[in-house]
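Here is the structure we will look at.
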Amino acid sequence: MNIILLGPPGAGKGTQARILVETTGFVQLSTGDMLRAAVAAGTEVGRKAKAVMEAGQLVSDDIVIGVVSDRLDEPDTRAGVIFDGFPRTAAQAEALDRLLAEKGLTLDAAISMEVDDELLVDRVSGRYICAACGEGYHDRYKKPAQEGVCDACGGTEFNRRADDNAETVRARLVAYHADTAPLIDYYTGTGKLKTVDGMAEIDEVTRAIRRALGPG
Ligand code: AP5
C-alpha cells in the first residue's frame with residue numbers, strides 16, 4: 001500500500017508515519033528528514049536546500065522530485081511507502097503520479113490531517129527529537145516515559161530543529177496554504193482523499209487513519 005500523509009507543519013505526519021511503520025512494515029519516505037540528512041552531510045542537495053529550509057520556504061521541485069525518485073528505486077519501498085511531507089506542490093503531485101506509474105505502483109490514499117493553525121505553532125515549538133533514532137517528542141503532549149530517556153532507543157540526547165521557531169513556522173504555514181493545501185482538491189478529484197481530525201490525541205488519530213485505510 002502506498003499512502004500520502006498530507007498536512008501542515010506540526011499536523012502529526014511524522015508521528016503517525018513512525019507508528020504506521022512499526023505496525024505495517026511500510027517504509028516512511030520523509031522528504032524533510034532526507035533533506036535534513038543532506039544538509040548535515042554537506043552534499044550538493046544539502047547546500048542548495050539549507051538556506052531555503054531555514055527560511056521556512058519550499059525547496060525546489062526539481063531537487064525534491066530527484067530525491068524521491070532515487071529513494072523509490074530502492075527495493076525496500078516495494079513493501080509500501082508512507083509519503084510524509086511529499087508531495088507539497090501540484091508539480092510534485094503530478095511527478096509522483098508519473099513515478100509510481102513508471103514503477104508499476106499505485107497510490108492507495110492521501111490522508112489529509114486537519115489541524116487549526118493556532119495549535120500548529122504550539123505543537124512545532126514544543127517539539128524535540130531523539131538525536132540517536134529521530135523519535136519525536138513534545139514538551140507537553142508526548143513526553144518520554146522516563147524523563148530524558150528515549151522510549152524507542154534509550155538515547156539520552158535530544159535536538160530541536162533549526163526551523164522550529166515561531167517566525168519560521170509562520171513562514172512554513174504560508175507556504176503550506178499557498179502551495180500544498182490545493183492538493184486537497186487534487187486528491188479529492190482523483191477519489192483518493194481521506195480526511196482525519198489531526199487535533200485529536202495521538203492514539204485516536206492513529207485509529208482514524210486505520211479506519212480511513214480500511215481493512216487489510
Ligand atoms: P518537514 O520536515 O516535512 O516539516 P513539516 O511538513 O513542516 O512538518 P513537521 O515535521 O514540522 O510536522 P509533522 O506534521 O511531521 O508533525 P510531527 O509529527 O513532528 O519539512 C521541513 C522543511 O523541509 C520544509 O519547510 C521545506 O523547506 C523542506 N521540505 C520538506 N519536504 C519538502 C517538499 N516535498 N518540497 C519542498 N520542500 C520540502 O508533530 C509535531 C509535534 O506535535 C511533535 O512534538 C509531536 O509529538 C506533537 N504531536 C503530533 N501529533 C499530535 C497530536 N495528535 N496531539 C498532540 N501532539 C501531537
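A short reminder: the numbers here are calculations on the coordinates, not readings from a lab. Only a predicted model underlies this, so the values are computations on that prediction, with no experimental measurement involved. For neighbour counting, all protein chains shown are included, and Cβ atoms are generated from backbone atoms with ideal geometry for every residue, glycine included.
Listed values, structure above:
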item: Tensor-based shape of the chain (alpha-carbon gyration tensor, a/c under 1.5 rounded, otherwise prolate or oblate); result: rounded
item: Percentage, to the nearest whole number, of Cα pairs in region 1-59 over 18 Å apart; result: 43
item: Ordering of 99-110, 76-87 by packing [mean C-beta count within 10 Å, highest first]; result: 76-87, 99-110
item: Label-to-label distance, nm, for residues given as Ala181 and Val52 (7 Å Cα→Cβ offset); result: 2.2
item: Ratio of Rg to Rh over region 35-96 (Cα coordinates, Kirkwood Rh, two decimals); result: 0.97
item: Whichever aspartates and glutamates have a C-alpha closer than 17 Å to that of Lys194, once near sequence neighbours (fewer than 8 apart) are set aside; result: Asp84, Asp108, Glu114, Asp185, Glu204
item: Net charge over other residues, Cβ less than 15 angstrom from the Cβ of Ala166 (K, R count +1; D, E count -1); result: -2
item: For region 31-104 and region 153-197, distance of Cα centres in Å; result: 14
